[in-house]
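Participant: I'd like to ask some things about the structure below.
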Amino acid sequence: MSPNFWFDVSSDEEVDIKDTRAGQSESPWEFSSYSESVLEEHARKKTTSIDTKITKALQERPVSLPNPDSDSECEEEEYKEEATDEEKHKSGKADNEAPYSSPSGFFASSEGASFSANSFLELNLSRPLLRACESLGYQKPTPIQAACIPLALTGRDVCGSAVTGSGKTAAFSLPVLERLLFRPKRVLAIRVLILTPTRELAVQVHSMIEKLARFTDIRCCLIVGGLSSKIQETALRSMPDIVVATPGRIIDHLRNTQSVGLEDLAVLILDEADRLLELGFSQEIQELIKLCPKRRQTMLFSATMTEEVGELAKLSLTKPVRLEADPSTKRPATLTEEVVRVRRSREVNQEAVLLALCSRTFTHKVIIFSGTKEAAHRLKIIFGLAGLKAAELHGNLTQVQRLDALELFRKQEVDFLIATDVAARGLDIIGVQTVINFVCPRDITSYVHRVGRTARAGREGHAVTFVTDNDRSLLKAIAKRAGSQLKSRIVAENSIAEWCRAIEEMEDRVSAVLQEEREERALRKAEMEATKAENMINHKDEIYSRPKKTWFMTETEKRRIADAAKQASIQKNQNGMKQVISAEHADEIKKKEKRQREREKNLPRKKRRKLEAARETLDDDDDDDGGADHKKQVSGNDKKENSGKLLMDVAKRRAKSIKARMKARDSGKPLKKIRETQNFTSKRNQTRKDEMLELFQNDMSESKQRQASTKSKSALFKKKSKSSFKSKSRYKRR
């Protein structure tokens, strides 16, 4: 991407920019139209919202808050460069490295692909699509759009990678819509399937396609979890042209909904493909690939595209074209990255540091990323008690609440969006000024996607990351690989102390709100159980007459894959960050190993021996493989050194044996059993693997002898009994 390139404004959400076209253009994202309102949901479930609970707690006991405009906080922040010249040089060098280490034979050459176009007219799009682009305010194609649209129109497989906020959704939506304008309209079929890792991203992509296809007769359908499955079944049976879905829900419909299939699918698109190809989603993606026809067009898009050719090959791509609109950097050039260092003694006051920043410096259009769902919910309550307008977005909320939170933040009715990594990928909320990483991300991919929520489409943005002493080395490794130049931000001690006192005062209200939620949840669960039991009594025959839902994996396989995904993520962090892990993570690993050792102590003796033997064989195999690889790589000098070491060992052994013989001779002992001692030493030098094999062979031979003896005895007994029976049969009466 050229440094002189400027993104045109895509919607009227940016209030600060005064443009004559701003009044005519409209927003491509509308989250509120996909579900009922939160008030209706609370009225139906007979519950109250979290904001109502916070207001009630404040009315009962108000909180005394610090004054953000006090004179003691005049010089709250200072800046200083954190990266040294050597680190900058290394990061710049790492930036220029090729992002793909895959063989060039897998990808087709991208010669002839142009990353620049003056207008959408040059991309051979039809008038309805040009009119839709104009209504959305799109005037000039971005580099990824200029390169991808002409190639996708020819039916080529594409792997697209571009910086966050560069218009990848329109890059794959426009060529698909152009091709569907010339479809056989009498034959209804699902022709395009777009997969996303999160529900919110699927809603956003669906909204975008609806706006681009508004002047055509192309129909689009949304299939995600959390919304009514009956409505989705009806929509799928009507055979829409485009289906935007999350992998789990679309597999559920394909297996359990009649008259729904992907036999006529022509295009498969994976948005945020690197996340979909990870272990958590890979089994579902492979199942969907089996259900898709082999002759199709496949397109993959992400800001951090996977480098594994083996993973791409599973999607059965045919000579894909790799397009990198901005290969030199993985982060926006207009992004300012800062670090707030939290000392070990101050880790307890991390919430106070966040409130000090959000009450004075970053007060508007801020996304805060927390580590867990519980931490995000606690921050939402604290922000509400502190008088700051905030919304929360995480997996513990219903889909209606999640979409409502996004809509409130988009309309700027709240200033802060407190979220987990659910909001880290793909969400394009224009106008986000700051991203705060309340918990340091664990790898380069999540860091790039988190900070990519701001500084989109050429605008400026800030990314602030809280770094404890455990995470400092981890963040430096991430920054080096991302090519970031971090700055340090210092928060005034007076402000932190005041907010600490305020949070201590809030603790009673926070616990009261959480207790009220627990009671409400328990009551709601009891009502659901009672309703379920009533339905089972009244409609028993109808319920049991329904066909049972099926899935392509059992529950045990699901759990196994989830555990494997966790282990893979830990290994990825260790390998990617050169085994830089936090002290807390190291303690967790030690505790797991300790628990495993305690479990093994309680096992029976035979099982323990088998486990030890298996481990020894694995260690020996690893040593053999490592030795073979090492022998291939070492030079002649290294071989001489190794041989010298072996000769030294032999010489020491011989010297010891000679000394032993001399002592025996002086004491007058006979030297008869030299060979036996030599055999004994050779036995002692045996590996653990050989010992265990001998032990098992002896056990097997003894057991075989016992079995043979028992068999012979039983045979003799049978023969005797048989003969005795015959002898008795002679004297039968006739």
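The values are calculated or read from the model by the stated rules, or taken from the named source; none is laboratory data. In this text the structure is predicted, and so the values were computed from the model without any measurement. Methodologically, a virtual Cβ is constructed for each residue, glycine included, from the backbone with ideal geometry; neighbour enumeration extends over all protein chains shown.
Participant: Within the stretch 350-360, can you find the residues that are farther than 24 Å from residue 52 by Cβ, surrounded by 18 or more Cβ atoms within 10 Å (Cβ to Cβ) and not aliphatic (A, V, I, L, M)?
Facilitator: 360 - this is the single residue of the stretch 350-360 that is farther than 24 Å from residue 52 by Cβ, surrounded by 18 or more Cβ atoms within 10 Å (Cβ to Cβ) and not aliphatic (A, V, I, L, M).
Participant: Could you tell me how many of the residues in the stretch 528-556 are in contact (Cβ under 8 Å) with a residue 24 or more places away in the chain, surrounded by 10 or more Cβ atoms within 10 Å (Cβ to Cβ) and out of contact with any helix residue (DSSP H, G or I) (no Cβ under 6 Å at 6 or more places or on another chain)?
Facilitator: 2
Participant: Then there is this: Filter the stretch 236-290 for residues that are part of a strand (DSSP E or B) and of a type outside the set (Val, Ile, Thr); which is surrounded by the fewest Cβ atoms within 10 Å (Cβ to Cβ)?
Facilitator: Checking each candidate, the answer is 268.
Participant: Please enumerate the residues belonging to the stretch 291-317 that are in a helix (DSSP H, G or I) and at pLDDT 85 or above.
Facilitator: Within the stretch 291-317, just 291 meets the criteria.
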